[in-house]
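This report concerns only the one structure given below.
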Amino acid sequence: MKKKFITTPIFYGNGSPHLGHAYTSVLSDAIARYHKVWLKQDTFFMTGTDEHGQKIFEKAKTENITPKELTDKYAQEFKVLDEKLDVKYDRFIRTTDVDHYEVCKKMWTKMLDAGDLYEKEYIGLYCVGCEGFKTIKDLNVNGECPDHLVKPIELKEKNWFFKLSKYQDFLRQKLESNELKITPEFRKNEMLEFMREGLQDVSFSRSKELMSWGIPVPNDDTQVMYVWCDALTNYITGAKVFSNTKEGQDNFQAFWQEGETLHIIGKEILRFHSLYWPSMLQSAGFELPKEILVHGFITSGGQKMSKSLGNVVSPQDIFTTYEFGVEASLLGENFPKEIFRYFFLKNINPHNDGDFTWERLKELYNADLANGIGNLLSRVVKLSEKYLKISPDFVFAQINLDVEHPEFAVAMKEYDVMNAMNYIWKLIGEADNYMQTNQPFKVIKVDEEAGKQMLENLRNQVYTIARLLNPFMPTTSDIIKQIIKNNKMPEKPLFPRYE
Ligand code: MSP
C-alpha cells in the first residue's frame, strides 16, 4: 500500500488562532486519523506555522519585538490549540526551522538552474493581508482586496521573478486529467477559468532593504524570498527532501515522490497551491502533489471570520462555554474538545462555507449528543447490564468498511467528513427505531432468547457506531467501547443535557 502524506496549510504566526484555523486543523486531523486507523495506511501528517513576510514583519514592529519573538509566541499558541483539539500531528513545522532554510535555498537554486528565475523591475499592487500580488480585476469597486477590505499597497522594486507563465499548458493538463486532483471539482473549474486569461510571472523575492524578514536568496544578498515561495516549500522540507541520510531519502521517495500526497487548504489559497506550487515542483524536478482538498470558510453571520475584519470567534470561547461537561460528563476534561470536533466535523460541509452560531451548536448538541448517542448508549447498556453477560475477552466482529458500510467508505474517499458523520447518525437513528419497534425489554420477559438476541444486536450496533466515530471523536469512541466491554453504565452521562 502506498504511503499517505497529509498536510494542513501552515498558519500565519502573526496572531492567535481563530475558528477558521481550528477548523482546518480538525478536518485534516480527522482525515489523517481515518487513514491511520481504518485504512491502516502509513500516514505522515504535518501542520505548522508560516513565519516570514511583511505581515509578520509589520506586526512585530508595532509590538516592538523581533519577528522571531512574535512568531515564537504564536507558534506556541497554535501548538496549544492542537493539543486542546486532539490534533495529533507527526511534525509541527515552523518556517524558521533550520532545516527549512536549507531546503528553501536548495529549492531556489534548482529553479534558478532550470532557468525559471530572472530579475525584473516590479511595479504593482500587493495585499499584505493575502501576502499576494493583485491586479485591478482582483479588487472590489472601492479598489480594495475583497478578502481584507484594505487597499493594496503599491510596490516598486527590483525582484526575482518566477516563470509561472511557462507552466500554463502543463498545469492545464495536470488539472484537466485529474493527475492533480482538486476536490470539490468546481474549485478545479475555477482555476481553469482563472488560467484562461493567461498566467503572469510572479515576483518571487523582496528587496531586503524594504522588507528583510525572509529567507535569504542564495544568489543575491540584496533579496529575501517571497513568503509564498518559502511557505509552500515547507511541505517538502517535512517530507525530508535533500536529506543526506539514506533514511531521509527513502522517506522522501516513499512519502512524496511515490506517495499519496494530500494538501488540505481553505479556498482562498488554492491559486498558490494549484498553480504556483506544482510549477515550482516541476521546475525543480520533483513530483507534484496528487490531491488538494479545498474547504470553505467558517462564517459568523454569513461573513468570513478573519483578523482583518475583526469578527473573530475564538476557539477558546467554545471551550469555556462547554466547560460544564468537565465535571458533569464521563468525558471529563476531554468534553469541550469532543464537542468542538463534533460540531465542526458533522455540521459543516467541508466543500462549502458553513456558519457557526451559538444557538446552532447548542441545539445540535442536545439533539445529536445528549438525546442521540448519549441516550442510546445509556439505554442499551442498562439493559445489557441486566440481561446479558459479557466475558472479558469478548471480541467484537471485524468490520470490512467497503462491504458493510460502503456509504461511509465512499464519503471518506471523497474526504466528505460531514457525510461520513451523517452516516453514523443514521445508524444511531436506526438503532433507536429498532429499540422502539421491537421493545426488547418487553420481549425478554416472554421470550428470553429472542429478547436477548435483540439486545445483542443493539449492543453490537452501538459498538460499531463507536468504532466508526474514532477518527472524529476519538475519546468518545474509546469511552463507549470501554463501557460496552465493562457491561456497566456509569452514573455520569456521556453528554448531559445543556439547558
Ligand atoms: N500562511 C498561509 C498558508 C501557507 S500554506 C503553504 C495562510 N495562512 S492563514 O493563517 O491565513 O490561513 C491558514 C488556513 O486557515 C487557510 O487554509 C485558510 O483558508 C484557513 N482559514 C482562515 N480563515 C478561515 C475561515 N474563516 N474559515 C475557514 N478557514 C479559514 O493562508
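Values in this text are rule-based calculations from the coordinates and carry no lab data. On a predicted model such as this, the values are computed, not experimentally measured, just so you know. Using ideal geometry, Cβ is built from the backbone for each residue, glycine included, and neighbour counts are taken over all protein chains shown.
Consider a paramagnetic label point 7 Å from the Cα of LYS158 along Cα→Cβ; state which residues of segment 118-137 have an amide N under 12 Å from it.
119-122
Unpartnered cysteines of the chain (Cβ-Cβ under 4.7 Å counts as a partner)?
CYS104, CYS229
To the nearest µm²/s, what D does Stokes-Einstein give for segment 30-129 at 37 °C and 0.692 mPa s, using the Kirkwood radius over alpha carbon pairs as Rh?
Here the translational diffusion coefficient equals 196 µm²/s.
Using the Kirkwood radius over C-alpha pairs as Rh, can you work out the diffusion coefficient of segment 359-499 via Stokes-Einstein at 25 °C, viscosity 0.890 mPa s, in µm² per second?
D, rounded to a whole number, is 155 µm²/s.
Rg (Å, one decimal) plus Dmax (Å, integer) for the alpha carbons of the chain?
25.3, 89
Among bridges DSSP assigns within the chain, what percent are antiparallel (round to 5)?
45 percent
Run through every distinct alpha carbon pair of segment 403-463 and return the Kirkwood hydrodynamic radius in angstroms, one decimal place.
Hydrodynamic radius (Kirkwood, Cα pairs) of segment 403-463 is 12.9 Å.
How do CYS127, CYS104 line up, fewest other C-beta atoms within 10 Å first?
The fewest-first ordering by Cβ neighbours comes to CYS127, CYS104.
For ASP201 and THR222, compute 0.36 nm times the residue count separating them, minus their Cα-Cα distance, and round to one decimal in nm.
Taking 0.36 nm per residue and subtracting the Cα distance, the gain is 5.5 nm.
Which ordering of LYS240, LYS426, LYS290 is given by a fewest-first count of other beta-carbon atoms within 10 Å?
Fewest-to-most Cβ neighbours within 10 Å comes out as LYS426, LYS290, LYS240.
Report the equivalent ellipsoid semi-axes for segment 96-151 in whole Å, largest first, defined as the square roots of five times the eigenvalues of the gyration tensor built from alpha carbon atoms.
In descending order, the three semi-axes are 31, 16, 8 Å.
More than 16 Å apart: what percent of Cα pairs in segment 171-272 qualify?
Roughly 70 percent, rounded to a whole number.
I need the phi-derived Karplus couplings for segment 263-274: 6.51 cos²θ - 1.76 cosθ + 1.60, θ = phi - 60°, integer Hz, Gly and Pro marked x.
Going residue by residue, I get 9, 10, 9, x, 4, 6, 10, 5, 4, 5, 7, 9 Hz, with x marking Gly and Pro.
Okay, helix-only estimate at 222 nm for the chain: each DSSP H run of n ≥ 4 adds -39500 (n - 2.57), divide by all residues, round to 500 deg cm²/dmol; what do you get?
Roughly -14000 deg cm²/dmol at 222 nm, from the helical runs in the chain.
Quick one: putting +1 on the C-beta of Lys and Arg, -1 on the C-beta of Asp and Glu, what dipole do you get for segment 400-441 around its Cα centre, in Debye to the nearest 20?
80 debye
Cβ under 9 Å from CYS145's Cβ, CYS145 left aside: what net charge do those residues give with Lys, Arg +1 and Asp, Glu -1?
-1
Over the Cα atoms of segment 218-374, Rg to Rh with Kirkwood Rh, two decimal places?
Answer for segment 218-374: 1.10.
Can you give me the long-range amide H partners of LYS4? Hydrogens built in the peptide plane at 1.01 Å from N, cutoff under 5 Å, separation of 5 or more residues or another chain.
Sorted by chain and number, the residues that satisfy this are ASP42, THR43, PHE44, GLU260.
Just how far, in whole angstrom, is segment 347-396 from segment 432-499 if you go by their alpha carbon centroids?
10 Å
Towards the positive end of the charge dipole of the chain, with charges on Cβ (+1 Lys, Arg; -1 Asp, Glu), say which of ALA114, ALA231, LEU377 has the farthest Cα.
Working it through, the farthest residue towards the positive pole turns out to be LEU377.
If one computes the Cα centroid of segment 69-85 and of segment 120-151, what distance in Å separates the two points?
Value for the Cα centre distance between the two parts: 29 Å.
Please work out the FRET efficiency for the pair VAL446 and PHE186, using the Cβ-Cβ distance as r and a Förster radius of 60 Å; give the result to the nearest 0.05.
Efficiency for this residue pair is about 0.60.
How big is the C-alpha Rg of segment 254-308 next to the rule-of-thumb value 2.2 N^0.38 Å, as a ratio?
Computed over Cα atoms of segment 254-308, the ratio equals 1.43.
At a 10 angstrom cut-off on C-beta neighbours, averaged per residue, how do the peptides 367-375, 61-69 rank from highest to lowest?
367-375, 61-69
Based only on other Cβ atoms within 10 Å, what is the fewest-to-most ordering of GLU338, GLU197, GLU51?
Ascending number of Cβ neighbours within 10 Å: GLU197, GLU338, GLU51.
Find out how many positive minus negative residues lie around LYS452, taking Lys and Arg as positive, Asp and Glu as negative, among other residues whose Cβ is under 14 Å from that of LYS452.
0
Dipole of the chain, Cα-centred, from +1 at each Lys and Arg C-beta and -1 at each Asp and Glu C-beta, to the nearest 20 debye?
It works out to roughly 660 debye.
What is the calculated FRET efficiency for LYS492 to ILE123, with r their C-beta to C-beta distance and R₀ = 56 Å, to the nearest 0.05?
Computed FRET efficiency for LYS492 and ILE123: 0.30.
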